[in-house]
Amino acid sequence: MAVAAVSVAKRSLRAELKQRLRALSAEERLRQSRLLTQKVIAHRQYQNSKRISIFLSMQDEIETEEIIKDIFQQGKTCFIPQYQFQSNHMDMVKLASPEEISLLPKTSWNIHQPAEGDVREEALSTGGLDLIFIPGLGFDKDGNRLGRGRGYYDAYLKRCLQHQEVKPYIMALAFKEQICLQVPVDEHDMKTCSVPGLRILCITGERGDLCSRFLLAK
């Protein structure tokens, strides 16, 4: 598919997914978030990870607050995104405590994050990450992810490959309504299934077993 056609297809799918998410009630978002949190906390890879990065949720994303609390309760080290809005650069920086989140300034996306001048321990330069939780608008079963169009996580995962000898495990957190038949991609997108050493699992907030296990790179 030509780049222009992929761009059009992405815009169309983003609009469809945003509409699906708007249709979810607050009660349903909370129900799925609670189910997903239970799955995450019980997952062996989460239990074995010591250094974890996790996103702070927007209103239309899986709620990560309880996972963050558990990270600290288990004595793990928690890192959160620090976006640079004039580019697609993002760092994962250390969070001191769950209580600190409400004290952080809010971005134009209405999410908390450390201010640009707030110098903190940065994950990749201090030992890397064992586990990265990633958000997204949509996912398919071929390992493709549709983000919000800024490319922050594509760029960050590429940096992980360059900096870490042992590659991190990646978990995508999503409502079941975010699973798509096919996500349109072009050559600039990072196809997880084609990147050696990256492993990704998409966990959705639905009952039953973990679903949408993406192709794991050997």
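The values are calculated or read from the model by the stated rules, or taken from the named source; none is laboratory data. From a predicted model like this one, the values you see are computed outputs, not experimental measurements. So basically every Cβ, Gly included, is an ideal-geometry build from the backbone, and we count neighbours across all protein chains shown. We work out accessible area using only protein heavy atoms, side chains counted, and drop any ligands, DNA or RNA first. Shrake-Rupley method; radii C 1.70, N 1.55, O 1.52, S 1.80 Å.
General observations
- Selection over region 91-101 of residues that are under 17 Å from residue 111 (Cβ atoms), open to solvent by 40 Å² or more (accessible area, probe 1.4 Å) and touching a residue at least 12 places away in the same chain (Cβ under 8 Å) gives a count of 0.
- Of all residues in region 25-68 being in a loop (DSSP other than H, G, I, E, B) and surrounded by fewer than 17 Cβ atoms within 10 Å (Cβ to Cβ), the one that is farthest from the chain's Cα centre (by Cα): 25
- Of the residues making up region 126-151, those that are outside any loop (DSSP other than H, G, I, E, B) and either hydrophobic (A, V, I, L, M, F, W, C) or surrounded by fewer than 22 Cβ atoms within 10 Å (Cβ to Cβ) (or both) are 131, 132, 133, 134, 139, 146.
- Of all residues making up region 106-121, the number that are touching a strand residue (DSSP E or B) at 6+ places or on another chain (Cβ under 7 Å) and open to solvent by 30 Å² or more (accessible area, probe 1.4 Å): 4
- For region 110-126, the criterion of being at pLDDT below 85 and under 21 Å from residue 57 (Cα atoms) is satisfied by at least one residue.
- Residue satisfying condition, being out of contact with any strand residue (DSSP E or B) (no Cβ under 9 Å at 6 or more places or on another chain), farther than 16 Å from residue 170 by Cβ and part of a helix (DSSP H, G or I), within set 18, 10: 18
- Selection count, region 8-19, where residues are touching a residue at least 12 places away in the same chain (Cβ under 8 Å) and open to solvent by less than 80 Å² (accessible area, probe 1.4 Å): 5
- Members of region 69-90 that are without any contact (Cβ under 8 Å) to a residue 60 or more places away in the chain, within 16 Å of residue 134 (Cβ to Cβ) and either assigned to a strand (DSSP E or B) or out of contact with any strand residue (DSSP E or B) (no Cβ under 8 Å at 6 or more places or on another chain) (or both): 78, 79, 80, 82
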